[in-house]
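Below is one structure, written out as structure tokens; the observations come after it.
The values are calculated or read from the model by the stated rules, or taken from the named source; none is laboratory data. As the structure is a prediction and not an experimental result, all values here were calculated from the model. Note: ideal-geometry Cβ built from the backbone for every residue, glycine included; neighbour counts use all protein chains shown.
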Amino acid sequence: MKNLLIISFILLITTIKAQDTTDTFSIPKALKSITPYGTIENVLSVSKTGFYISDFIPRVGLKGDWNISSDGKYKMFTKIEFGLNLVKRDEYIKFSADPGTGKVSQTVFIRQGFIGISTPFGNVSIGRQWGVNYTLSGNIDDMYLGGGYGIGVYNAGTDGGISGTGRADQSVKYEFTDNHFYFGAQAQMRNISDNNQFFADSYGFASYYKLGILKLGASYNKVLDGVEHPLVTQAKINDELITALIDLRLDNFHFGIMPEYFVNHEKTDIDTFYTGYGMEYSIRYNFGKNKKWRLINNSYFLLPSDKNSKYLLNAYTFNLAYRFSDNTAVILGFTYDNSRNHDGSMRENHMIGIGFYYNFNFPVP
């Protein structure tokens, strides 16, 4: 049996090589349009609860694009991306470093999976993918350690898949971009809720305009199939998000700020949905020889509009990173937690951590 497997493998390789010498389709030619990528960052942190080793959003994936017209104006593109748990094995895993991951029941889970077509008039894609809201909020979500809670993406302890503000489930997306202008629109069609809509179960729009080093934008997202008491696979009734973006970028300096107003989009520490407003900003400065040092400051808050509520989500985070290369970095991070629970008690979950970061074929923050 072993010899048979070896012979079969040799025949397969020989066949592939023979095909590659012709003009017909072959496996190596098909794989030329696909690029593997991934990132891993392990973090050692300490807080009032003790020392802890955790993952920071590890992932692996495949992405690619290929021409479907001779002039190259029309292309197909695709991406498959998996999240990983690499430092522990539990029945239920929570990646606290990524506010959008929430709880999952697998060591390997899907983050994105979509396919689309690119044309001179814009791109259309279908599947599980970043929503148009993230085209704006991703400008703020660039911390190594911490951040991401005040941009409306990872709402209510999820990755925004149900609401559509994050990695939107079962979505179709249209995007148009030129040198200065961006417009995106999306809808979700999932047919899983008791209040399922005939056409779109949610919809969203986002747009920005670049004026030199300044980018100004806004986004809107609305859930149509929400229910009063949603299960894990259901959205909250009347879930709605409005954001604005001001983003300033120089060669080695970046400042971005995103205020937001939302309805039934976030949860308190006792899992109660609330309406409110929030804001997050990010400041990054590159310095030193070859600009390999990075200093990043991020802060956010989420606050219910109900004046009688005592709940507050608020933190201040600082990262100091040194990039040894385009794909390797070491990060020292500190977070001061100024949050209050629903009863008014201070959370004070301050944290100091050190992270080791590596990626391949993946953009470094």
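Could you tell me whether any residue of the stretch 346-355 is touching a helix residue (DSSP H, G or I) at 6+ places or on another chain (Cβ under 8 Å), modelled with pLDDT of 95 or more and surrounded by 14 or more Cβ atoms within 10 Å (Cβ to Cβ)? No, that holds for no residue.
For first residues located in the stretch 202-226 and without any contact (Cβ under 8 Å) to a residue 24 or more places away in the chain, partners that are surrounded by 20 or more Cβ atoms within 10 Å (Cβ to Cβ) and of a type in the set (Gly, Ala, Ser) and lie 6+ apart or on another chain with Cβ distances below 7 Å form the pairs TYR220/GLY204; LYS222/SER202.
In the set (1) in contact with a Gly (Cβ under 6 Å, 6 or more places away or on another chain); (2) part of a strand (DSSP E or B), the condition left unmet by LYS310 is number (2). Restrict the check to the stretch 238-251 and report whether at least one residue is crowded, with 20+ Cβ neighbours inside 10 Å, polar (S, T, N, Q) and at pLDDT 95 or above. Among the residues of the stretch 238-251, at least one is crowded, with 20+ Cβ neighbours inside 10 Å, polar (S, T, N, Q) and at pLDDT 95 or above, which makes the answer yes. Restricting attention to the stretch 183-199, the residues that are part of a loop (DSSP other than H, G, I, E, B) and hydrophobic (A, V, I, L, M, F, W, C) total 4.
Screening ILE213 on (1) modelled with pLDDT of 95 or more; (2) surrounded by fewer than 24 Cβ atoms within 10 Å (Cβ to Cβ); (3) within 21 Å of VAL232 (Cβ to Cβ); (4) not charged (D, E, K, R) shows it passes everything except condition (3). Scan the stretch 245-261 and give yes if some residue there is over 18 Å from ASP159 (Cα atoms), among the hydroxyl-bearing types (Ser, Thr, Tyr) and touching a strand residue (DSSP E or B) at 6+ places or on another chain (Cβ under 7 Å), otherwise no. Scanning the stretch 245-261, I find at least one residue that is over 18 Å from ASP159 (Cα atoms), among the hydroxyl-bearing types (Ser, Thr, Tyr) and touching a strand residue (DSSP E or B) at 6+ places or on another chain (Cβ under 7 Å), so the answer is yes.
The numbered conditions (1) at pLDDT below 95; (2) under 15 Å from ASN264 (Cα atoms) are all true for THR165 except (1).
Only one of the numbered conditions (1) at positive phi; (2) at pLDDT below 90 is not met by GLY127, and that is (2). Looking only at residues in the stretch 346-365 that are over 21 Å from VAL46 (Cα atoms) and part of a loop (DSSP other than H, G, I, E, B), which one is farthest from the chain's Cα centre (by Cα)? Here the residue is ASN361. Residues of the stretch 239-269 that are farther than 23 Å from GLY164 by Cα and among the aliphatic types (A, V, I, L, M): LEU248, LEU250. Contact map, the stretch 229-243: first residue free of Cβ contacts under 8 Å to residues at least 24 places away in the same chain and of a type in the set (S, T, N, Q), second residue surrounded by 15 or more Cβ atoms within 10 Å (Cβ to Cβ) and in a strand (DSSP E or B), Cβ cut-off under 7 Å, separation 6 or more or different chains; the map is empty.
Each row is one residue, and each column tells you yes or no for (1) in contact with a helix residue (DSSP H, G or I) (Cβ under 8 Å, 6 or more places away or on another chain); (2) buried (at least 17 other Cβ atoms within 10 Å of the Cβ); (3) at pLDDT 95 or above; (4) farther than 30 Å from PHE334 by Cα.
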{"position": "THR21", "(1), (2), (3), (4)": "no, no, no, yes"}
{"position": "THR49", "(1), (2), (3), (4)": "no, no, no, no"}
{"position": "TYR74", "(1), (2), (3), (4)": "no, no, yes, yes"}
{"position": "ILE80", "(1), (2), (3), (4)": "no, yes, yes, yes"}
{"position": "GLY83", "(1), (2), (3), (4)": "no, yes, no, no"}
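Taking the stretch 200-230 as the range and being out of contact with any strand residue (DSSP E or B) (no Cβ under 7 Å at 6 or more places or on another chain) and either closer than 13 Å to ILE242 by Cβ or in a strand (DSSP E or B) (or both) as the test, the residues that pass are LYS210, LEU211, VAL227. Scan the stretch 272-307 for residues that are over 23 Å from MET351 (Cβ atoms) and either in contact with a Leu (Cβ under 8 Å, 6 or more places away or on another chain) or assigned to a strand (DSSP E or B) (or both) and jot them down. Scanning the stretch 272-307 gives PHE273, TYR274, THR275, GLY276, TYR277, ASN286, PHE287, PRO304.
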